[in-house]
Amino acid sequence: MSAIHSKNTKPELMVRKYLWRMGFRYRLNYNRLPGHPDIVLRKYRTCIFVNGCFWHGHNCEEFRPPKTNANYWLSKIEKNKKRDKEEHQKLAEMGWHVIVVWECQLIN
């Protein structure tokens, strides 16, 4: 678990480089907002979350259920999905737009 990084992941770097090339300026891991969005475009009141398919339980080909300690991991992933949904709702209530970019979208 200590080898898993939550910041500066390859998918996140791809999104950041694209946004920068397109002329968007942003804040990283903005802790003043619920959920600490990976990228925040304050000018446009937009939050971007770059989610890993495993950690956030995306229903795609990249997601493979764990074979060992499956009950623990599936429970953890369900909690992550619930937390994500609550945080996105809070942001929407605050007037922010939420964009979720999935890891599998960047691979394909």
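Mind pulling up the Rg/Rh value for segment 10-108? Radius of gyration and Kirkwood radius, both on Cα.
Here Rg/Rh amounts to 1.00.
Order the peptides 65-74, 34-43, 95-104 from the highest to the lowest mean number of other Cβ atoms within 10 Å of their residues.
34-43, 95-104, 65-74
At 222 nm, what value in deg cm²/dmol follows for the chain if DSSP H runs of at least 4 each add -39500 (n - 2.57) and the sum is divided by all its residues, to the nearest 500?
Helices in the chain give a 222 nm mean residue ellipticity of -12000 deg cm²/dmol.
Taking 7 Å along the Cα-to-C-beta vector as the label spot, tell me the residue 85-residue 106 distance in nanometres, rounded to one decimal.
2.6
So, for segment 48-108, what is the accessible surface per residue at a probe of 1.4 Å, expressed in square angstrom?
With the other protein chains kept in place, segment 48-108 gives 70 Å² per residue.
For the chain, what does the relative contact order come out to in percent, with C-alpha contacts under 8 Å and a separation of six or more?
Relative contact order for the chain comes out at 27 percent.
How far is helix 10-21 tilted off the main Cα axis of the chain, in degrees rounded to 10, range 0 to 90?
On a 0 to 90 degree scale, this one is about 10.
Just to be sure I understand: of the beta bridges DSSP finds with both ends in the chain, what percent are antiparallel, rounded to 5?
Given both bridge residues lie in the chain, the antiparallel proportion sits at roughly 45 percent.
The values are calculated or read from the model by the stated rules, or taken from the named source; none is laboratory data. Model, not experiment: these values are computed from the prediction. Note that we place each Cβ from the backbone using ideal geometry, even for glycine, and neighbour counts take in every protein chain shown. Side chains included, ligands, DNA and RNA excluded: accessible areas come from the protein's heavy atoms. Shrake-Rupley method; radii C 1.70, N 1.55, O 1.52, S 1.80 Å.
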